[in-house]
Every structure is written in structure tokens, then in C-alpha cells.
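Worksheet for the structure shown next.
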Amino acid sequence: MRLPWAALTGGTGSDETTSPAATLAVALWFVQIKRQRDGWTLFPRNDRPAALLTPPLSMLALSLAPLSRMARAARLPSSNSICAHFRPRTCFWTLTKTIMKHLVSEAQLLEALQWRYATKAILLFALAAALTAFNAGSAAAADTRCYEMRIYYAAPGKLDALNRRFRNHTCKLFEHHGMVNIGYWLPLTNTENKLVYLLAHPSRDAREKSWKEFMADPDWQTAAKESEKDGKLVLKADSVLLSATDFSPAIKPSSAAEPRVFELRTYTASTGNLDNLLARFRDHTLKLFEKHAMTSFGYWTPTEKKNGAGEKLIYLLAHKSQEAAAESFRAFRADADWIAVKKASEAKAGGPLTVQDGVKSEFFVPTDYSPTK
């Protein structure tokens with residue numbers, strides 16, 4: 001007897017994409033029905049199955065994690081194909097309702113589902129769960145790199161020469177010595193002759209090694225000497241070491257089809273409230289930014305106390321223009337969801353999550369040599 005795939009998948013019967021999803025759904029209901037008689041159920045009949053992986057099946061799924069490579073060898077659907085049907089909030093609930101519609105009684109299900117198919121279904125369920133957990137774990141792997149934001153204040157009349165040195169020499173030498181160029185920006189209103197750029201290092205130790213080798217590089221020494229024959233290019237240089245937050249999008253160079261402006265925002269948390277501030281961003285603010293057409297580029301916290309470790313959040317947004325940013329923030333602040341979230345978070349913390357005048361914003365445009373534009 002073949003399983004009723006067409007009834008469960010809307011009639012497509014596609015072995016490549018629909019069979020795994022249908023198999024998983026049938027397996028869930030099969031285990032539910034068979035185990036009810038023994039006093040154990042996979043999930044309550046009337047509950048939305050938001051937590052389908054009970055400990056027994058979770059352990060089984062984890063034990064089968066190494067089967068991810070076997071799936072390809074056995075010509076099973078790819079992990080991406082399976083995972084496309086394995087979204088707990090949508091897939092299982094939809095399939096559950098489909099099963100209820102087409103299989104009107106437990107007796108019919110038991111009649112259609114023989115033990116040998118049940119075994120296959122449960123194994124496929126465990127395999128899909130393992131592949132999903134593996135993929136999700138890889139995607140959510142923590143970014144442990146050491147980020148470095150550097151701010152250079154050019155000598156009067158020397159900003160163009162400084163940019164030329166970066167364009168022709170410095171960026172290439174950074175890459176040569178293991179530093180990743182993320183982006184280079186100039187303030188829209190640049191009264192201080194400022195250049196801001198962001199590097200990524202594998203670790204803090206790697207950063208120290210890279211800078212040491214860079215400074216000793218004969219090519220750098222030649223470029224620096226040649227560029228400064230008429231005077232120093234940089235009056236002052238500041239450096240802030242940063243670590244990415246757990247909710248930051250993947251931080252990497254990127255470009256858009258249309259020109260963008262970038263907004264660097266720095267929040268100073270009120271005493272003891274950095275974790276509450278981060279939680280609000282993690283759970284609410286990023287989604288609301290996206291809702292109001294603001295693109296999150298990266299979120300960091302400083303790692304050194306002198307630069308605000310334990311009290312500051314630094315992040316970059318991308319906008320179509322400075323005017324678009326103003327409009328987005330107007331809509332954001334008027335959003336009923338934001339108003340409710342802000343009120344609840346401050347009530348829980350016993351006051352504002354940032355100090356007075358603790359939110360700073362500055363707009364930048366990328367340089368012509370910046371990997372991020």
C-alpha cells in the first residue's frame with residue numbers, strides 16, 4: 001500500500017519536495033495515535049504544535065545527525081529541500097490541518113499506514129530534524145571575530161592625500177596581512193576632516209600580529225614616506241575594538257544598486273541596562289527597523305572599558321538618503337508596536353534604557369574605494 005501523498009500535498013505527488021513534508025506529518029500523527037494508548041503523546045491534540053520535538057525524538061534526531069552526508073549518497077532530497085518544508089511555525093501547522101481534512105478518523109489513518117511505512121516515516125522525520133538543526137546551527141554560529149573601528153583626523157588639506165594612500169596602497173596591504181576591509185566612510189558634514197573605517201580580524205591576537213607585520217612591511221614604509229614628504233597626513237587616530245552582538249546580521253562588505261548613506265548610531269545605556277537594551281533590539285527593534293525600510297548593517301559592543309565596554313551599543317544602518325532616514329525614523333517612533341515595546345521595556349527596567357542625551361547619530365557616505373557602498 002502506498003501512502004496517500006496526493007491527498008496530503010494538494011495533489012502534486014512530487015517525490016523531490018513534497019514527500020518528505022508529507023512523511024513527517026504522517027509520522028507525527030502516527031506516533032500520536034499509537035502512543036495515546038500507552039499514556040504518552042507527542043503533542044496535545046488541541047495544542048498548536050509549536051514544540052514538536054519532544055526529548056525522545058530530539059535525541060533520536062541528534063543521534064542521526066551524521067546521516068546528512070548519507071542523504072546525498074542515498075539520493076534523498078537535499079537538506080535545503082527538506083528544510084524548505086520544515087518551518088515549525090508554518091509547515092507543520094499547515095500539514096496538520098491538511099491531514100485532518102483528508103484523513104477524517106484515526107481508523108482511516110491506521111489503515112493507510114502500515115508499520116513498515118511508519119518506521120520509514122519516523123526515520124525520515126529524524127533525518128530532517130537533524131539536517132534542520134545542523135543547518136540552523138551553522139547559520140546561527142556566533143561571530144567571534146575582533147572588529148576594529150578606526151577614526152582618522154586628517155591634517156588640514158590632507159584628506160584627499162589620505163584617501164589616495166588608502167586607495168592605492170593601504171587597503172591592499174591590510175588584506176595582505178590578514179585584515180579584512182569591511183568599509184570606509186566619510187561624514188556627510190566633514191568639518192573635522194574625518195575618515196572612518198571598519199576592519200575585521202580573526203581574533204585579537206591575530207589583530208596584534210597583523211598590525212605588527214603591516215607596520216614592518218617595506219611596501220608600507222615606502223608608501224608612508226612618499227605620501228608624507230610634504231607633511232603628515234593624520235593628526236590623530238582613534239581605535240575602538242568591537243565584538244558583534246548575537247543579533248547582528250552577518251557583517252560583510254556589500255553594495256546596493258542605488259547609492260546609500262550610512263548612519264552610525266551609538267547608544268550609551270543607563271546603569272545596569274545594557275542587557276535590557278540589547279534584548280529590546282534583539283526581540284523588537286531590528287524587526288521594526290526593517291518594517292520601516294531601514295537596513296541593519298551591523299551591531300557591536302565595545303570590548304575595552306575606555307571605549308564603553310559594558311555600557312554602549314554601536315550600530316550601522318543603511319538608508320536611501322538622509323531624508324529617507326528621517327522619514328523612516330518618524331514612522332518608527334509613531335509605530336504603535338514601538339510605543340508599546342518602549343513602554344514595557346522601560347517599565348521593566350525602572351526607567352529609560354539609555355542615559356540622557358545618550359543616543360548619538362552621524363551620517364556617512366562610502367568612499368570610492370570602500371568595499372561597502
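The values are calculated or read from the model by the stated rules, or taken from the named source; none is laboratory data. Quantities reported herein were computed from a predicted structural model and do not represent experimental measurements. Virtual Cβ from ideal backbone geometry, glycine too; neighbours counted across all protein chains shown.
For ASP335, all conditions in the list (1) under 23 Å from the mean Cα position of the chain (by Cα); (2) more than 30 Å from PHE166 (Cβ to Cβ) hold save one; what is the number of the exception?
(1)
Yes/no per residue for (1) surrounded by fewer than 19 Cβ atoms within 10 Å (Cβ to Cβ); (2) without any contact (Cβ under 8 Å) to a residue 40 or more places away in the chain; (3) under 26 Å from GLU362 (Cβ atoms):
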{"position": "TRP185", "(1), (2), (3)": "no, no, yes"}
{"position": "LEU199", "(1), (2), (3)": "no, no, yes"}
{"position": "ASP219", "(1), (2), (3)": "yes, no, no"}
{"position": "ALA223", "(1), (2), (3)": "yes, no, no"}
{"position": "LYS229", "(1), (2), (3)": "yes, yes, no"}
{"position": "SER239", "(1), (2), (3)": "yes, no, yes"}
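GLY178 passes all but one of (1) touching a Pro at 6+ places or on another chain (Cβ under 6 Å); (2) at positive phi; which number fails?
Status for GLY178: all satisfied but (1).
I'd like the residue in region 298-331 that is β-branched (Val, Ile, Thr) and out of contact with any Pro (no Cβ under 9 Å at 6 or more places or on another chain) and, out of all such residues, is surrounded by the fewest Cβ atoms within 10 Å (Cβ to Cβ). Walk me through how you get there before you give the answer.
Initial filter on region 298-331 (β-branched (Val, Ile, Thr)): 301, 303, 314.
This time we only want the ones that are out of contact with any Pro (no Cβ under 9 Å at 6 or more places or on another chain), so: 301, 303.
On the way: THR301: 22, THR303: 17.
Selected residue: THR303.
Anything in region 186-223 that is part of a strand (DSSP E or B) and within 14 Å of GLU148 (Cα to Cα)? List them, or say none.
Once the filter is applied, which keeps residues that are part of a strand (DSSP E or B) and within 14 Å of GLU148 (Cα to Cα), region 186-223 yields LEU195, VAL196, TYR197, LEU198, LEU199, ALA200, HIS201.
Cβ-Cβ distance below 6 Å, separation of 6 or more or different chains: which pairs start in region 242-256 with a residue that is crowded, with 18+ Cβ neighbours inside 10 Å and hydroxyl-bearing (Ser, Thr, Tyr) and end on one that is modelled with pLDDT of 95 or more and in a loop (DSSP other than H, G, I, E, B)?
Pairs that qualify, where the first residue is crowded, with 18+ Cβ neighbours inside 10 Å and hydroxyl-bearing (Ser, Thr, Tyr) and the partner is modelled with pLDDT of 95 or more and in a loop (DSSP other than H, G, I, E, B), are SER243/THR303.
For region 332-340, indicate whether the set of residues that are β-branched (Val, Ile, Thr), surrounded by 14 or more Cβ atoms within 10 Å (Cβ to Cβ) and assigned by TED's automatic domain parsing to the domain that holds LEU286 is non-empty.
no
Within region 228-339, which helices (runs of 4 or more DSSP H) (wholly inside it) include 3 or more residues that are closer than 28 Å to ARG145 by Cα and not acidic (Asp, Glu)? Walk me through how you get there before you give the answer.
Values: elements: 274-280, 286-291, 322-334.
Filter on region 228-339 gives 274-280, 286-291.
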